[in-house]
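Input: a single structure, listed below in structure tokens.
The values are calculated or read from the model by the stated rules, or taken from the named source; none is laboratory data. Predicted model, so just to flag it, every value in this text is computed and none were measured. Here the Cβ positions follow ideal geometry from the backbone for every residue, glycine too, while neighbour counts run over all protein chains shown.
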Amino acid sequence: MAHAAEHENPLYGVMAEYDSVQALVEASRHAVAHGYSVLEAYSPIPIEELNDIIHRKRTKLSRIILAGGLAGLATGFAMQYWMSAVDYPMNVGGRPYATWTAFVVPSFELTILFSSLAAAVGMFLLNGLPQPYHPVFNVERFSLASSDKFFLVIESADPRFDKAETTRFLEGQGAKGVYDVAA
Amino acid sequence: MANNVHAQATSTAVLDVPVIAPGHDFETVTESVAQIPLARRTPLGWVFGFLIGLSLLMLLQVSLGYLVLKGIGIWGTNIPVGWAFPIVNFVWWIGIGHAGTLISAILMLFRQQWRMSISRFAEAMTIFAVACAAIFPVFHTGRPWLAAYWLFPYPNTMALWPQFRSPLIWDVFAVSTYATVSIVFWYVGLVPDLATMRDRAASLFKKRIFGMLSLGWRGSARHWHRYEVASLILAGLSTPLVLSVHTVVSFDFAVSVMPGWHATIFPPYFVAGAIYSGFAMVLTLAIPIRAAYNLEGLITMRHIDNMAKVMLATGLMVGYGYTMEAFFGWYSGSFYERAMMWNRMFGPYAWSYWMLISINIGLVQLLWLRRVRENTKLLFVMALVINLGMWLERFVIVVTTLARDFIPSSWGMYTPTRWDFATYFGTIGLFLTLFFLFIRFLPMIAMFEVRTLLPQAKVKAEHGH
């Protein structure tokens, strides 16, 4: 297709601007139905439907968080057991060294701590953040994507991507504007 | 459907308003919040408030500096009242923090949409309150630089480990986890709004700062999907966490054998008191802020009303706690428990007990009246008085029990010194300073969440279900 043209002028994709949630969701549905597969929607609010339309699979983040929590629980009990019963056993009022009931509270707190950190760090890393540069920011209008405008980008990596044809397709989807996104 | 937080058909006009005033759209919501930190001119009222906070913060620096030089003898804390202002203030501040987590986590799980416009600054309040709270136990040790190995398990030269069977160590884990998770949750919530600030900032300097803080957030469908999962799970994790924190704080007392402390009602009663005082603090902050920054369309009378109702409900739980304490004192059949209760009511600190009862059981009943909940000025004053009431509660619990324990020969009176007060008011200065900096430099309302409340944010289903 247009491979020769891409090498001369590297293009990340074509971006369409919409001014409502509904328009963005409908355009995404049509683009997917039209056969596009490498595309992304950008919005100032979370829109649950978009992930189902475009990516069609849920994140593995929740499993990472579970692993974090279990690691915290294990760390809590192991640490307290080792410190109180192995490394420096201390007889306090004749109580056993491994008083596991007393260890519940710090272990619980570490479970919460580790899983919360896994949630935040996992979310940022899976999202590829921090990321200082991304091609979509080359489009001036994109600064409105965090206030009140909605954008759909069909990327040049899409096998069906053809600059002229994709631009025409997006213009036909009620876009308020269609822009080239420099890589 | 969830829009109707309380489905009362017969409400008067003032309180019967939606959670977001009509006429708002994506742009007006964004603009009315984002313009505050981006404004070039600092409002005079802000400067005035900030200077008050800063002056009190300097008082804190002086009193802590003098404390480190002289030792904790400058405080009135002494045997038999070995726990006095420091723990009273610690519990007071930690309790205030709890409302922030309740609003951002528990109300999120219950899908209470009205929480959205107050959650950001309530969470900020939590973080600053925990920072103030942490000062007291750390400096109460006298030599905070040596206290680290009593508190945290790290390999030290004496090869000692903390005593994990002590509620005080549980408290260290609970409070430090609470502080960390609150900061993480708050920052995660801020990132999409920081991206908005980055995109709206006019000067390159502000663009860069907000750009770095927002980590390159671009609001893609994939970003948002992971973001929503992370937020929901963080809310689910913060909920048991916040309940555990004040439970563990109450264990500091309840696990001991002192009359008046050794009670099973302490954990729930402490948690209710925490939320009660926290909502009083949120009202103390929200009422002036919405007026000063013209945010009445986002923080509506509906919010004020709901917060007053939460305060009333938790206030009644606290009142139940006081009643049960008195009942247990009598029903226990223990001579010492009865003497403790008698001493609280008619002993040398009786004034503090009756002040506490008249505020937390008496005054709070005014909140039943719609006319009171409609009157923001009166609510503001009530919130301040309720904060005082909750401070008195901790004073009564801590001081009356310690001043008169089992043997009359070990009794003794406690009188706070000027340094006790200076440290306490100093932490209020730290709190105010941090809070004023927050409202000047960060978006104080979660813009992206409030946008989702607008009718424009809804998607019509493809096939209709």
Quick one: B:Arg218 ticks every box in (1) more than 9 Å from chain A (Cβ to nearest Cβ); (2) of a type in the set (D, E, K, R); (3) under 18 Å from A:Pro46 (Cβ atoms) bar one, so which box is it?
(1)
Please go through segment B:29-46 and pick out each residue that is without any contact (Cβ under 8 Å) to a residue 60 or more places away in the chain and surrounded by 14 or more Cβ atoms within 10 Å (Cβ to Cβ).
B:Glu31
What number goes with the only condition from (1) surrounded by 19 or more Cβ atoms within 10 Å (Cβ to Cβ); (2) outside any helix (DSSP H, G or I) that B:Leu160 does not pass?
(1)
Out of all the residues in segment A:149-156, is one or more surrounded by fewer than 20 Cβ atoms within 10 Å (Cβ to Cβ), away from every other protein chain (no Cβ under 11 Å) and of a type in the set (S, T, N, Q)?
no
So which of B:Ala235, B:Ala202, B:Ala230, B:Ala179 ends up being more than 7 Å from chain A (Cβ to nearest Cβ), aliphatic (A, V, I, L, M) and closer than 17 Å to A:Ile65 by Cβ?
B:Ala235
Matching residues in segment B:61-86 (surrounded by fewer than 22 Cβ atoms within 10 Å (Cβ to Cβ) and part of a helix (DSSP H, G or I)) number 12
Within segment A:98-115, is even one residue facing chain B (nearest Cβ under 7 Å), modelled with pLDDT under 95 and part of a loop (DSSP other than H, G, I, E, B)?
yes
With respect to A:Lys163, is the statement that it is more than 7 Å from chain B (Cβ to nearest Cβ), out of contact with any Ser or Thr (no Cβ under 9 Å at 6 or more places or on another chain) and in contact (Cβ under 8 Å) with a residue 24 or more places away in the chain true?
no
Could you count how many residues in segment B:229-275 are in a loop (DSSP other than H, G, I, E, B) and touching a residue at least 40 places away in the same chain (Cβ under 8 Å)?
7
So which residues in segment A:116-148 are aromatic (Phe, Trp, Tyr) and within 7 Å of chain B (Cβ to nearest Cβ)?
A:Phe124
From the list A:Pro96, A:Pro159, A:Pro89, pick out the single residue that is in the same structural domain as A:Gly13 (by TED's automatic domain parsing) and exposed (fewer than 13 other Cβ atoms within 10 Å of the Cβ).
A:Pro159
Subset tally (residues that are of a type outside the set (Val, Ile, Thr) and free of Cβ contacts under 8 Å to residues at least 40 places away in the same chain) for segment B:174-186
1
Quick one: which of B:Thr314, B:Thr300, B:Thr264 is surrounded by fewer than 20 Cβ atoms within 10 Å (Cβ to Cβ) and among the hydroxyl-bearing types (Ser, Thr, Tyr)?
B:Thr264
Do we find a residue being closer than 30 Å to B:Ala292 by Cβ, under 22 Å from the mean Cα position of the chain (by Cα), part of a helix (DSSP H, G or I) and among the aliphatic types (A, V, I, L, M) anywhere in segment B:346-361?
yes
Quick one: is A:Tyr81 aromatic (Phe, Trp, Tyr), more than 9 Å from every other protein chain (Cβ to nearest Cβ) and either touching a Phe, Trp or Tyr at 6+ places or on another chain (Cβ under 8 Å) or not in a helix (DSSP H, G or I) (or both)?
yes
